[in-house]
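The values are calculated or read from the model by the stated rules, or taken from the named source; none is laboratory data. Remember, it's a predicted structure, so these values are computed and weren't measured experimentally. Cβ atoms come from the backbone with ideal geometry, glycine included; neighbour counts cover every protein chain shown. These accessible areas exclude ligands, DNA and RNA; they are computed on the full protein's heavy atoms, side chains included. Shrake-Rupley method; radii C 1.70, N 1.55, O 1.52, S 1.80 Å.
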Amino acid sequence: AQKITQTQPGMFVQEKEAVTLDCTYDTSDQSYGLFWYKQPSSGEMIFLIYQGSYDEQNATEGRYSLNFQKARKSANLVISASQLGDSAMYFCAMQAAYSGAGSYQLTFGKGTKLSVIP
Amino acid sequence: GAVVSQHPSRVICKSGTSVKIECRSLDFQATTMFWYRQFPKQSLMLMATSNEGSKATYEQGVEKDKFLINHASLTLSTLTVTSAHPEDSSFYICSAQNRDREYEQYFGPGTRLTVT
């Protein structure tokens with residue numbers, strides 16, 4: 001079974017500062033994918049960044065980077081130069097290599113609420 | 001990027017009635033779609049996996065007779081909440097798995113169901 005742990009229920013960051021959102025995971029799979037999603041108050045799930053378990057380099061997407069430490073089973077999200085629009089819930093998720101019946105299920109963490117302070 | 005739509009975005013219904021929620025992949029084909037439920041300030045909980053042309057696979061604790069899922073085509077899955085009760089009020093989100101790149105999943109905007 002897979003498990004995602006986000007230990008920070010809420011985080012505050014000053015505008016223009018960087019912030020790190022923690023995510024640890026547990027799996028016995030050798031191949032897996034790690035995702036970060038942003039969920040604003042509107043409810044939509046916005047894909048931010050993806051890291052494959054075999055990717056040697058940390059993923060980056062604009063202001064988002066994923067600090068992947070495989071041995072520690074952590075996949076922290078770093079947001080640089082925070083903006084007011086970054087205030088939202090952030091979910092870390094893991095995708096198994098294969099979940100059966102051709103599906104790749106996602107397992108989500110409990111989320112971290114990020115508030116950006118002007 | 002790929003687009004998934006959900007309809008309706010909001011619905012209010014009376015207790016005892018049934019509500020159908022549609023999930024459509026607009027610019028790709030999805031052999032697999034997932035239905036999630038999210039309570040306020042909580043994470044997404046997978047309810048069921050919907051496979052085109054076959055029966056859905058439900059997660060433990062999810063009543064399949066209450067939450068009917070139909071995946072009739074490669075672009076459409078529906079979730080019907082039958083005989084809805086106030087405790088069924090929640091945010092329901094679907095995601096669609098790209099048939100051609102199965103590791104890619106795209107989420108719909110969600111449906112907020114309120115049962116009075």
Any chance A:Y50 is open to solvent by 50 Å² or more (accessible area, probe 1.4 Å), assigned to a strand (DSSP E or B), at negative phi and out of contact with any helix residue (DSSP H, G or I) (no Cβ under 6 Å at 6 or more places or on another chain): yes
So for the range A:88-109 (the condition being under 15 Å from the mean Cα position of the chain (by Cα) and without any contact (Cβ under 8 Å) to a residue 60 or more places away in the chain), does at least one residue qualify? yes
For the subset of the range B:32-51 comprising residues that are more than 10 Å from chain A (Cβ to nearest Cβ) and closer than 14 Å to B:C94 by Cβ, which member is nearest to the chain's Cα centre (by Cα)? B:W35
Restricting the range A:1-42 to residues that are part of a loop (DSSP other than H, G, I, E, B) and charged (D, E, K, R), which is surrounded by the fewest Cβ atoms within 10 Å (Cβ to Cβ)? A:K16
Which of the following residues is under 30 Å from A:T7 (Cα atoms), in contact (Cβ under 8 Å) with a residue 60 or more places away in the chain and not polar (S, T, N, Q): B:F34, B:F39? B:F34
For A:S80, are the conditions met, namely being among the hydroxyl-bearing types (S, T, Y), touching a residue at least 12 places away in the same chain (Cβ under 8 Å) and farther than 14 Å from A:L34 by Cβ? yes
Residue in the range A:63-74 that is within 24 Å of B:I93 (Cα to Cα), more than 12 Å from chain B (Cβ to nearest Cβ), part of a strand (DSSP E or B) and not basic (K, R) present: no
Within the range A:78-97, which residues are farther than 17 Å from A:Y25 by Cα and either part of a strand (DSSP E or B) or modelled with pLDDT under 95 (or both)? A:I79, A:A88, A:M89
Residue selected from the range B:66-77 under the condition surrounded by 14 or more Cβ atoms within 10 Å (Cβ to Cβ) and not in a loop (DSSP other than H, G, I, E, B), by the criterion farthest from the other protein chains (Cβ to nearest Cβ): B:L68
Residues being surrounded by fewer than 17 Cβ atoms within 10 Å (Cβ to Cβ) and at the interface with chain A (Cβ under 7 Å from one of its Cβ atoms) - total across the range B:94-108: 2
Hits in the range B:6-22 - residues which are open to solvent by 50 Å² or more (accessible area, probe 1.4 Å), in contact with a Pro (Cβ under 9 Å, 6 or more places away or on another chain) and within 14 Å of B:T116 (Cβ to Cβ): B:S15
Hits in the range A:98-118 (condition: open to solvent by 50 Å² or more (accessible area, probe 1.4 Å) and either away from chain B (no Cβ under 14 Å) or modelled with pLDDT of 95 or more (or both)): A:K110, A:K113, A:I117, A:P118
Test B:T57 against the criterion of being in contact with a Leu (Cβ under 9 Å, 6 or more places away or on another chain), open to solvent by 40 Å² or more (accessible area, probe 1.4 Å) and among the hydroxyl-bearing types (S, T, Y), and give yes or no. no
Residue check: is A:L34 closer than 19 Å to A:Q8 by Cβ and hydrophobic (A, V, I, L, M, F, W, C)? yes
